[in-house]
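The values are calculated or read from the model by the stated rules, or taken from the named source; none is laboratory data. Since the structure is predicted, the reported quantities are computational estimates derived from the model, not experimental observations. Glycine also receives a Cβ, built like all others from the backbone with ideal geometry; neighbour counts cover every protein chain displayed. For accessibility, only protein heavy atoms count, side chains too; no ligands or nucleic acids. Shrake-Rupley method; radii C 1.70, N 1.55, O 1.52, S 1.80 Å.
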Amino acid sequence: MSLCRFIFSREISRVLANCKGVTIPASRAEIVSLAFGSEDCDSFSVDYDVDGQAFTEATVVRCKNGAAVNYTEDYMRRRDPNCLIVADSFPTDKPKFTDEYGEEFSSLREKTFDWLAGQELLITPFMAGGPEYGYPAALIAPKNAAFFACGLAGLQHFINIDEYEGDFIPKVVIFLAPPFRHTYFKGKQIVVHNRTPDVYEMFSYNLYPGPSAKKGIYGFLLDVGEREGWVTAHASAVKVITPYENEIVLMHEGASGGGKSEMGENIHREQDGKILYGHNLVTGEDFYLNIEEPCALAPIADDMVLCHPTMQNDSKKLVIRDAEDGWFLRLDHIKGYGTEPYHEKIFTQPSEPLVFLNIQGVPTATCLVWEHTIDSDGKPCPNPRVILPRRMVPGIVNSEVEVDVRSFGVRTPPSTAEHPHYGILGMLHILPPALAWLWRLVAPRGHNNPSIIDTLGITSEGVGSYWPFAPGKMSNQANLLLDQILASLSTRFILIPNQHIGCYEVGFMPQWITREYLARRGSAKFKQESLVPARLPILGYCLDKMKIDGQYIRQTLLRPETQAEMGTAGYDKGAKMLMDFFKDEIQKFNVPELNPLGKQIIECCLDDAALDEYLALIPMRY
């Protein structure tokens, strides 16, 4: 009866009519049960026939707190940033299937449907983008990959089809067909996006949920926004509440590894309660803060933020809400018990079973999130993950909120005069709107990124830091981001590094300390006289002083050129590396379709403009 509620195309209906059986879960609990396999099964392998041989893609272990899923190949344990291929004829700057493989996608599409028609299938209905502003969607997958469906049901808003009013007409459908990774794509993670007039088809040819159930749905939302004139931001968001009940809302953007999930975490402390905010890699000195009563945190979003036009108001601040129903949290920083007690308690004793990826699991035992799967090189996998439903996060904000500050995070390497690099950012930079847009065009992926395969040197994540997931045109996304900034000039912009500031190892302390600092100030507005123009103009302003709970942050962490280990000479060499990178990356946006104001901002960058020239284009509200 449930299948009759779906309105699918004739081709999909044919697949479902001819397959070996269809299961449509009525609840997430039912999907969890399916993910574990048979009731008497403590572990099993997810196998597929590949040219007559059984190939194990992953193993699933039944643990007390959820399903521990491990892939048999290191390559499948993190997202390939180049996995998106476009099969349709609509405008795109992404690789096209015909160009990459020398044939139309229609043949492989038909073969995929034929393969699915020979399987026992699972259909998972959900709302892509959430219940309020989302779109009907469905996953069609082989039943033995129920862990994938379980993960998706944790990430997206699951629908009980029997309780849905009216016919369910999916606007996006994900087809999961893992064997084609081997038989057609030479082992690579590939997700083919096929935008038809009636439905957005997504063919996931691998079992890692990152490129499809997670970022694939993001791509669908970006496509809708590109056509309708709005953006789903690649960001986390948190409401910060001081001990005196002042509140400020921060939205933190950036490439993978840029600190989005970390912005919603409590400050990590040493065993004695102190906060180690800087370790000098040259001298070995450590620098500490004491914050006895930190701000309270009310999480809003973790990775995908809906900025729908119907939510905006007259405040001139950006209005947002979470675009997801659950979070795909990376756990590489949790290396032992007690690192992050707030989250560890949720993961160890969850109110319902979770899906763990790249974490060791022992049948019927508790899966411990600091026991990361060991890669073939003998090192722990750098991308351990858990899918955490929002409803399990204490204090979660479920309403729309106005954003006071938009921060942008950048992973930076150690930098000294002897070994100069682009790790020249201070702990906090205040950006004029024109520079905020420029940083979102370039979106540096940065140093030692644990989330994806490509981790060497500085590369760009692309416009908005979401370009790897977007199927359309770069210039359209650049224009949308600029329009968004111009429409919300009362929301202010800052830039925050993580990992290193010059010769100091800092981890994610800059964003945690900045969060405490801005909330305690009670406003993101700065007096102009308190701002110091950064030595490199694209870094906007820095602070000469930062004081928290009566303690000053070392000036060498606010203005790295004052570090004896770096000096102005080392700083300038790193600045040149960063500017050369920016100039290379922004050239691709200098196209006729770009907003004329955007062209002026790009010309300023190419001409090594002073800070005042950016301010003349879009004034900054101090």
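Just one of (1) open to solvent by less than 10 Å² (accessible area, probe 1.4 Å); (2) assigned to a strand (DSSP E or B) trips up HIS500, so point out which.
(1)
Would you check which residues across region 182-200 are touching a helix residue (DSSP H, G or I) at 6+ places or on another chain (Cβ under 8 Å) and either closer than 19 Å to THR98 by Cβ or part of a strand (DSSP E or B) (or both) and list them?
Within region 182-200, the subset touching a helix residue (DSSP H, G or I) at 6+ places or on another chain (Cβ under 8 Å) is 184, 187-195, 200.
The answer is TYR184, LYS188, ILE190, VAL191, VAL192, HIS193, ASN194, ARG195, TYR200.
Suppose the filter is out of contact with any strand residue (DSSP E or B) (no Cβ under 6 Å at 6 or more places or on another chain), crowded, with 20+ Cβ neighbours inside 10 Å and under 15 Å from LEU431 (Cα atoms); does TYR614 pass it?
Values: out of contact with any strand residue (DSSP E or B) (no Cβ under 6 Å at 6 or more places or on another chain): yes; crowded, with 20+ Cβ neighbours inside 10 Å: yes; under 15 Å from LEU431 (Cα atoms): yes.
Yes, satisfied.
Is one or more of the residues making up region 198-215 open to solvent by 10 Å² or more (accessible area, probe 1.4 Å), more than 21 Å from the chain's Cα centre (by Cα) and of a type outside the set (Phe, Trp, Tyr)?
Yes.
In region 124-160, how many residues are closer than 18 Å to GLU352 by Cα and open to solvent by 10 Å² or more (accessible area, probe 1.4 Å)?
Of the residues in that region, 4 qualify.
Could you check region 196-223 and list, in sequence order, the residues that are charged (D, E, K, R), more than 25 Å from LEU388 (Cα to Cα) and in contact with a strand residue (DSSP E or B) (Cβ under 6 Å, 6 or more places away or on another chain)? So that I can check it myself, show each step before the final result.
Initial filter on region 196-223 (charged (D, E, K, R)): 198, 201, 214-215, 223.
Then keep just the ones that are more than 25 Å from LEU388 (Cα to Cα); that gives 198, 201, 223.
Once the filter is applied, which keeps residues that are charged (D, E, K, R), more than 25 Å from LEU388 (Cα to Cα) and in contact with a strand residue (DSSP E or B) (Cβ under 6 Å, 6 or more places away or on another chain), region 196-223 yields only GLU201.
Please go through (1) open to solvent by 10 Å² or more (accessible area, probe 1.4 Å); (2) at pLDDT 95 or above for SER523 and return the number of the only condition it doesn't satisfy.
With respect to (1) open to solvent by 10 Å² or more (accessible area, probe 1.4 Å); (2) at pLDDT 95 or above, SER523 is out only on (2).
If I ask for residues that are of a type in the set (Asp, Glu) and assigned to a loop (DSSP other than H, G, I, E, B), which ones from region 311-323 would you list? Steps first, please.
Within region 311-323, the subset of a type in the set (Asp, Glu) is 314, 322.
ASP314 - this is the single residue of region 311-323 that is of a type in the set (Asp, Glu) and assigned to a loop (DSSP other than H, G, I, E, B).
Would you confirm, using the coordinates I've provided, whether LYS239 is on the phi > 0 side of the Ramachandran plot, in contact (Cβ under 8 Å) with a residue 24 or more places away in the chain and open to solvent by 30 Å² or more (accessible area, probe 1.4 Å)?
Working: on the phi > 0 side of the Ramachandran plot: no; in contact (Cβ under 8 Å) with a residue 24 or more places away in the chain: yes; open to solvent by 30 Å² or more (accessible area, probe 1.4 Å): yes.
Spelling it out, it is not the case that LYS239 is on the phi > 0 side of the Ramachandran plot, in contact (Cβ under 8 Å) with a residue 24 or more places away in the chain and open to solvent by 30 Å² or more (accessible area, probe 1.4 Å).
Say whether the condition of being open to solvent by less than 40 Å² (accessible area, probe 1.4 Å) and of a type in the set (Asp, Glu) is met by at least one residue in region 310-317.
No, the conditions are met nowhere in region 310-317.
Within region 583-610, track down each residue that is surrounded by fewer than 20 Cβ atoms within 10 Å (Cβ to Cβ) and part of a helix (DSSP H, G or I).
LYS583, ASP584, GLN587, LYS588, PRO596, LEU597, LYS599, GLN600, GLU603, LEU606
Does ILE458 satisfy the criteria of being aliphatic (A, V, I, L, M), at pLDDT below 95, open to solvent by 40 Å² or more (accessible area, probe 1.4 Å) and closer than 18 Å to GLU253 by Cα?
Details: aliphatic (A, V, I, L, M): yes; at pLDDT below 95: yes; open to solvent by 40 Å² or more (accessible area, probe 1.4 Å): yes; closer than 18 Å to GLU253 by Cα: yes.
So ILE458 fits the description; yes.
Applying the selection to region 591-612, what residues are farther than 15 Å from LEU480 by Cα and polar (S, T, N, Q)?
Across region 591-612, the qualifying residue is only GLN600.
With open to solvent by 10 Å² or more (accessible area, probe 1.4 Å), within 25 Å of GLY446 (Cβ to Cβ) and without any contact (Cβ under 8 Å) to a residue 24 or more places away in the chain as the only criterion, which of THR568, THR562 stands out?
On the way: THR568 fails: without any contact (Cβ under 8 Å) to a residue 24 or more places away in the chain.
Within the list THR568, THR562, the selection yields THR562.
Tell me, please, whether a residue that is touching a Leu at 6+ places or on another chain (Cβ under 9 Å) and over 30 Å from VAL86 (Cβ atoms) can be found in region 246-259.
The first filter runs over region 246-259 and keeps only residues touching a Leu at 6+ places or on another chain (Cβ under 9 Å), leaving 248, 250-251.
Okay, now just the ones that are also over 30 Å from VAL86 (Cβ atoms), so 248, 250.
The answer is yes; a qualifying residue exists.
Mind listing just one residue for me: the one in region 280-302 that is closer than 22 Å to GLU262 by Cα and outside any strand (DSSP E or B) and, of those, most open to solvent (accessible area, probe 1.4 Å)?
Restricting to residues being closer than 22 Å to GLU262 by Cα and outside any strand (DSSP E or B), the top hit is GLU292.
Could you please find all residues in region 1-36 being in a loop (DSSP other than H, G, I, E, B) and open to solvent by 30 Å² or more (accessible area, probe 1.4 Å)?
Filtering region 1-36 down to residues in a loop (DSSP other than H, G, I, E, B) leaves 1, 7-9, 19-20, 24-27, 36.
Within region 1-36, MET1, ILE7, PHE8, SER9, LYS20, ILE24, ALA26, SER27 meet the criteria.
Which pairs have Cβ atoms under 7 Å, sit 6 or more apart or on different chains, and link a residue in region 179-208 that is without any contact (Cβ under 8 Å) to a residue 60 or more places away in the chain and closer than 27 Å to ASN70 by Cα to one that is crowded, with 23+ Cβ neighbours inside 10 Å and among the hydroxyl-bearing types (Ser, Thr, Tyr)?
These pairs meet every condition: ARG181/TYR205; PHE185/TYR205; MET202/SER212; SER204/SER212.
Just give me the residues in region 522-551 being outside any loop (DSSP other than H, G, I, E, B) and not polar (S, T, N, Q), in sequence order.
Listed by number, the residues that qualify are GLU529, LEU531, VAL532, PRO533, PRO537, ILE538, LEU539, TYR541, CYS542, LEU543, LYS547, ILE548.
Please indicate, with yes or no, whether at least one residue in region 259-266 is closer than 19 Å to ASP332 by Cα, assigned to a loop (DSSP other than H, G, I, E, B), in contact with a Pro (Cβ under 8 Å, 6 or more places away or on another chain) and open to solvent by 10 Å² or more (accessible area, probe 1.4 Å). I'd like the intermediate steps shown before the answer.
Going through region 259-266, the residues closer than 19 Å to ASP332 by Cα turn out to be 259-266.
Still in the list and also assigned to a loop (DSSP other than H, G, I, E, B): 259, 264-266.
Going one step further and asking which of them are in contact with a Pro (Cβ under 8 Å, 6 or more places away or on another chain), we end up with 264, 266.
Checking the rest, the ones that are also open to solvent by 10 Å² or more (accessible area, probe 1.4 Å) come to 264, 266.
Checking region 259-266: at least one residue is closer than 19 Å to ASP332 by Cα, assigned to a loop (DSSP other than H, G, I, E, B), in contact with a Pro (Cβ under 8 Å, 6 or more places away or on another chain) and open to solvent by 10 Å² or more (accessible area, probe 1.4 Å).
Would you check if there is a residue in region 365-378 being over 26 Å from HIS308 (Cβ atoms), touching an Asp or Glu at 6+ places or on another chain (Cβ under 6 Å), touching a residue at least 40 places away in the same chain (Cβ under 8 Å) and surrounded by fewer than 20 Cβ atoms within 10 Å (Cβ to Cβ)?
First pass over region 365-378, keeping only residues over 26 Å from HIS308 (Cβ atoms): 365-378.
Retained after the next criterion (residues that are touching an Asp or Glu at 6+ places or on another chain (Cβ under 6 Å)): 375-376.
Now restrict to residues that are touching a residue at least 40 places away in the same chain (Cβ under 8 Å): 375-376.
Next cut, surrounded by fewer than 20 Cβ atoms within 10 Å (Cβ to Cβ) only: 375-376.
Within region 365-378, one or more residues are over 26 Å from HIS308 (Cβ atoms), touching an Asp or Glu at 6+ places or on another chain (Cβ under 6 Å), touching a residue at least 40 places away in the same chain (Cβ under 8 Å) and surrounded by fewer than 20 Cβ atoms within 10 Å (Cβ to Cβ).
Might you let me know whether region 430-450 holds any residue that is surrounded by 22 or more Cβ atoms within 10 Å (Cβ to Cβ), more than 21 Å from the chain's Cα centre (by Cα) and part of a loop (DSSP other than H, G, I, E, B)?
Yes: one or more hits.
Return the residues of region 536-554 that are crowded, with 16+ Cβ neighbours inside 10 Å and within 30 Å of ASP607 (Cα to Cα); say none if nothing qualifies. First the steps, then the outcome.
Quick first cut of region 536-554, residues crowded, with 16+ Cβ neighbours inside 10 Å only: 536-543, 546, 548, 553-554.
LEU536, PRO537, ILE538, LEU539, GLY540, TYR541, CYS542, LEU543, listed by residue number.
What about VAL224, is it in contact (Cβ under 8 Å) with a residue 60 or more places away in the chain, within 13 Å of LEU139 (Cα to Cα) and surrounded by fewer than 24 Cβ atoms within 10 Å (Cβ to Cβ)? Spell out the reasoning first.
Values: in contact (Cβ under 8 Å) with a residue 60 or more places away in the chain: yes; within 13 Å of LEU139 (Cα to Cα): no; surrounded by fewer than 24 Cβ atoms within 10 Å (Cβ to Cβ): yes.
No: the conditions fail for VAL224.
Considering (1) over 14 Å from LEU318 (Cβ atoms); (2) within 11 Å of the chain's Cα centre (by Cα); (3) not hydrophobic (A, V, I, L, M, F, W, C), say which one GLU253 fails and leave the rest.
(1)
Could you tell me whether any residue of region 335-348 is among the polar types (S, T, N, Q), modelled with pLDDT of 95 or more, closer than 26 Å to GLN156 by Cβ and open to solvent by less than 20 Å² (accessible area, probe 1.4 Å)?
Taking region 335-348 first, the residues among the polar types (S, T, N, Q) are 339, 348.
Now drop any that are not modelled with pLDDT of 95 or more, which leaves 348.
Those still in the list that are closer than 26 Å to GLN156 by Cβ too: 348.
Next, from what is left, pick out any that are open to solvent by less than 20 Å² (accessible area, probe 1.4 Å): none.
Checked region 335-348: no residue is among the polar types (S, T, N, Q), modelled with pLDDT of 95 or more, closer than 26 Å to GLN156 by Cβ and open to solvent by less than 20 Å² (accessible area, probe 1.4 Å).
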